[in-house]
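First comes the structure, then the notes that go with it.
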Amino acid sequence: MFSFFTKKTFVADSFENMVDIHCHILPGIDDGAATTDVSRLMLEKYQSLGFTKIIATPHVMEDYYQLNSTKIQNALSNFKPISKEYQLNLNASAEYLMDNQLQQLIDTDDLIPLSIENHLLVEMSFFMRPIQLENHLFQLNDKQFKIVMAHPERYEYLKTISDFQALKEKGCNFQLNLLSISGHYGTTVQKKAELLLQNGFIDFIGTDAHRPEHLTKIEQLTVSKTIMEALQNSIENTKAKFS
């Protein structure tokens, strides 16, 4: 029976020495932090939450943000000294949309992995399954990347456990957005996020924070004991793989 007095747990209580593998903190490079001042506010919030490492993952997408490794590394070099003021280890990778630009970057070996183990963060269109999905996954696997699919709970065309299992069988790890279980993207996404957690499908956790308000929402996030137990496994796995 549902009870309004059911005990909830603050997710942020598990953030000691936490790593964020998905965020948009580099200023002025995509739809994330627009200015250095906004990025500083995000750093302050990360520090107060207990994070020790952040991997910036700006969008790489053909129609909007035509970034490459050089542009991303330049943005990181400019901002990294500021992150050290907050005792935070800042690195950079990217969130690669599965489009024609991704194909070009695969062909030219111009991809920035999340880790020395070659994890690579990718995303799909929220509304339409990519035509080249299987081809891109095959090529990335062939190049020994460990594919991390960003926010699988947010794709409208992935609805059943079988849909998600099919991606798992193609070599995809799953990264859940913490904002998803807050209801930030709506109840449908929240329910899918909880379903994936309860079925053990989530490998890694990220914030996908674009601004300080997103981190504040995560700071205030509470979940049931069942969801917290599932989250804890993914949180610890994220720390272990990316610290």
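Each reported figure results from applying straightforward, stated rules to the coordinates on display, with no laboratory input. This is a predicted model, so every value here is computed, not measured. Neighbour counts are summed over all protein chains in view; Cβ atoms, including those assigned to glycine, are modelled from backbone coordinates with ideal geometry.
Some observations on this one:
- Charge dipole magnitude, Cβ of K and R +1, D and E -1 - region 1-83, Cα centre, debye nearest 20: 280 debye
- Most mobile listed residue (ILE161, ILE218, ILE55) in the chain, GNM with C-alpha springs under 10 Å: ILE161
- Annotation: amide H of LEU120 within the under-5 Å range of LEU114, LYS146, ILE147, VAL148, sequence separation 5 or more or interchain, hydrogens built in the peptide plane.
- Out-of-range pairs (alpha-carbon distance over 20 Å; input LYS192/LYS225; LYS45/LYS241; LYS159/LYS191; LYS8/LYS45): LYS45/LYS241; LYS8/LYS45
- Two-site FRET efficiency, GLU85 against ALA240, from Cβ-Cβ distance with R₀ of 41 Å, rounded to 0.05: 0.90
- Given charges at Cβ of Lys, Arg, Asp, Glu: the chain dipole, positive-most of LEU105, ALA193, ILE147: ALA193
- GLU16, GLU123 arranged by Cβ crowding within 10 Å, fewest neighbours leading: GLU16, GLU123
- When region 1-126 is reduced to its Cα atoms, the Kirkwood hydrodynamic radius in Å: 15.8 Å
- In this calculation the C-beta distance from GLU229 to THR160 is compared with R0 = 22 Å, giving a FRET efficiency of 0.40.
- Whether region 185-243 is rounded, prolate or oblate, judged on the alpha carbon gyration tensor where a/c under 1.5 counts as rounded: oblate
- Label point distance in nm, ASN100-GLU134, each placed 7 Å from Cα along Cα→Cβ: 2.3 nm
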